[in-house]
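Visitor: Let me give you the structure first, and then I'll get to my questions.
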Amino acid sequence: MGAYAFVLFALLRLGLRSQYVDKHDTGVTQQLAKQKTEEEEYTRKPFEPELSSASLAAANVAPADPLAAKGKTIFEAQSCNACHGDSGMGTAAAPAIVGIAAKIPPAQLAELLKHPTAKMNTGGMPRWTCRQMI
């Protein structure tokens with residue numbers, strides 16, 4: 001019983017000592033004040049959920065551009081999401097391909113898909129034929 005009382009007393013004393021030291025340490029006091037201010041600012045902001053590529057709302061949006069709709073159909077039919085992620089947002093296995101047509105001219109992109117680079121081949125990127133792209 002004495003050992004139990006000693007441990008309980010020691011824990012209580014250490015807790016009180018820690019609280020005393022924290023109150024008198026300016027660095028800790030400033031950090032706690034900063035955290036409290038940030039917490040108050042965060043809780044005042046209204047909740048706005050972030051739509052991710054995996055969210056239901058983002059998944060249900062159909063592309064308005066017929067060419068984009070065709071690309072989405074090919075993307076899904078060829079299981080590109082297995083490596084590039086849902087909606088082409090990228091994964092650890094393969095990079096994001098969202099907006100790739102704005103970065104690479106169509107002819108160069110088609111050539112890249114027909115003849116993947118060594119890095120793409122190593123990652124398991126299949127070689128595409130013209131029929132697969134139509």
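The values are calculated or read from the model by the stated rules, or taken from the named source; none is laboratory data. In this text the structure is predicted, and so the values were computed from the model without any measurement. In case anyone asks, the SASA skips ligands and DNA or RNA and just uses the protein heavy atoms, side chains included. Shrake-Rupley method; radii C 1.70, N 1.55, O 1.52, S 1.80 Å.
Visitor: Strictly greater than 19 Å: what percent of every Cα pair in the stretch 70-134 meets that?
Guide: For the stretch 70-134, the share of Cα pairs beyond 19 Å comes to 26 percent.
Visitor: In whole Å and largest first, what semi-axes does the C-alpha gyration tensor of the stretch 1-42 yield when each eigenvalue is scaled by 5 and square-rooted?
Guide: 32, 12, 4
Visitor: For the stretch 64-134, report the accessible area per residue in Å² (1.4 Å probe, heavy atoms, rounded to an integer).
Guide: Per residue, the stretch 64-134 has an accessible area of 72 Å².
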